[in-house]
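To start, the structure under review is shown below, and the notes come after it.
The values are calculated or read from the model by the stated rules, or taken from the named source; none is laboratory data. Predicted model only: the values in this text are computed from it and were never measured. Please note: Cβ atoms are built from the backbone with ideal geometry, for glycine as well, and neighbour counts cover all protein chains shown. When the accessible area is computed, the model is the full protein with side chains, heavy atoms only, and any ligands, DNA or RNA have been set aside. Shrake-Rupley method; radii C 1.70, N 1.55, O 1.52, S 1.80 Å.
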Amino acid sequence: MREMKERYVVIRRTSSAAGMPNRIIGATAIASKSAWLIEAEELKQSQASNFLTNKDVVCLAKELPMKLISPVALEECSSSSGNAWGINAIKADSSNFSGSGVSVAVLDTGLANNHPAFDGIKVTRKDFTGEGDDDGNGHGTHCAGIIFGRDINGGRIGVAPGVTDVYIGKVIGNKSTTTSLIYGIKWAADQAVDIISMSLGIDFADIQQYYIDLDYPLPIASSRAMAAYNENLKLFERISTYYGQPGVCSQSGTIMIAAAGNTSLRKSKKEYYCHTLSPANAESIIAVSAVQQTSNDFSIAPFSNVYANISAPGVGILSAYINGPNGSKILSGTSMAAAHVSGIAALWAQKLKGDCMLSRNNLVSKLIATAVNKSCIDYNYKDYGVGMVQAPQGE
């Protein structure tokens, strides 16, 4: 078979990113305040292998399709008035912290910028899809509402409504790739944000089908797909570790939080469990599973993927939306759970800043150490991670 060119994401190390030559085919280099330059290049596989011998190349990975972790159709079980149930479950309602002074980035489908849930917030938007800044899907608006949205109809939807400085990167559109996401991560980190929230993933089956459609035999298609998936896992591990370091862009380092995925099937005759999707499965990214209310306790959501780090409310969650009654909608998914954890991270970041102790490591430690599992039915780490995330209390 004739060797074809494919698009790759290339991360280069340079002390003067702005002065690097533009070597991109069909894309624009993303230079930054940091010492890394991200490029998208069209290469043959043999060329890609040779790239790794270059001293300035930090990482290289084949560009892959990137999907939204779409909400799951479940029975709606959240009240339309009063606080959204997740606010109380994670004790955000009794916290003395609001996320004030903390900056958050949401990399998703965009934001309905004129929604009243975001009144008084300084919003900086950037489109990486070529489809415009606005949210035509509603998912990004819903997740943002959970993280920092203002009250809707007298009820609280936002975990950290004191956040006033947000960055919205539209990385998911009609046809999105890992390149869009990596550009979005770099852009957000360059703004020195404290927290990056993501609810998207790589579908291995789609990668395999891509090679099958190119007439590769199934064993070869599977091998190529696995290699590309592993390349991207390393890419996300490198970039999340790099931007988590204090002083690279943010003084304290940037924490990344991502949804584990909604592809498990726990209510079928045979139960099937899917592992956490990439990029959430990268070592330095906090992966989040979803729980639901069960009487006075909580159980793992039937769709929630396994081996996440921590869990949060993700079933029947009321938040802002681009349409629907009163500009709100109830959705279910690990995306909603990841947004709860991102909001709680903002509360802890405010507290740690006040104590002059904010760093990525300290923030992760607080999230993990204060999670609880005593109300998690049939608790095990595989489903819940360390347990349900909790807001800081006291001063």
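Descriptive notes on the structure:
- Model label points for Asp355 and Lys44, set 7 angstrom from Cα along the Cα-to-Cβ axis, are 5.8 nm apart.
- The label point for Lys374 and the one for Lys67, both projected 7 Å from the Cα toward the Cβ, are 4.0 nm apart.
- For the range 221-335, the relative contact order works out to 22 percent when only alpha carbon pairs closer than 8 Å and six or more residues apart are counted.
- Residue-averaged 222 nm ellipticity for the chain, from DSSP H runs of 4+ at -39500 (n - 2.57), nearest 500: -8500 deg cm²/dmol
- Protection-proxy order for peptides 50-62, 136-148, each taking the mean of Cβ atoms within 10 Å per residue, highest first: 136-148, 50-62
- Restricting the calculation to Cα atoms, the range 271-395 shows an Rg/Rh of 0.99 when the hydrodynamic-style radius is the Kirkwood one.
- Cα-based reach from Lys366 at 16 Å (exclusive), listing aspartates and glutamates while leaving out same-chain residues under 8 positions away: Asp194, Asp355, Glu395
- Given R0 = 41 Å, the distance between the Cβ atoms of Asp206 and Asn362 translates into a calculated FRET efficiency of 0.65.
- The Asp133 and Lys175 beta-carbon pair, evaluated with R₀ = 25 Å, returns a calculated FRET efficiency of approximately 0.90.
- Extension gain from Asn113 to Glu283, taking 0.36 nm per residue of separation minus the Cα-Cα distance: 57.9 nm
- Helix 218-243 vs. the chain, principal-axis angle (Cα, 0 to 90°, nearest 10): 60
- Label-reachable residues, the range 284-308, where backbone N falls under 17 Å from a point 7 Å from Thr241's Cα toward its Cβ: 284-287
- Debye-sum result for the range 68-222 in log10 I(q)/I(0), which assumes one identical scatterer on each alpha carbon, at q = 0.13, 0.21 Å⁻¹: -0.67, -1.33
- Entry comment: accessible area of the chain is 40 Å² per residue, from protein heavy atoms only and a probe of 1.4 Å.
- Note on Ala227 and Asn54: with the Förster distance fixed at 22 Å, the Cβ-Cβ geometry gives a FRET efficiency of about 0.65.
- Flagged links, alpha-carbon separation over 29 Å, of Lys234/Lys267; Lys55/Lys186; Lys5/Lys234; Lys67/Lys270; Lys126/Lys382; Lys170/Lys234: Lys234/Lys267; Lys126/Lys382
- Ordering 119-130, 273-284 by mean Cβ neighbour count within 10 Å, with the highest value first, yields 273-284, 119-130.
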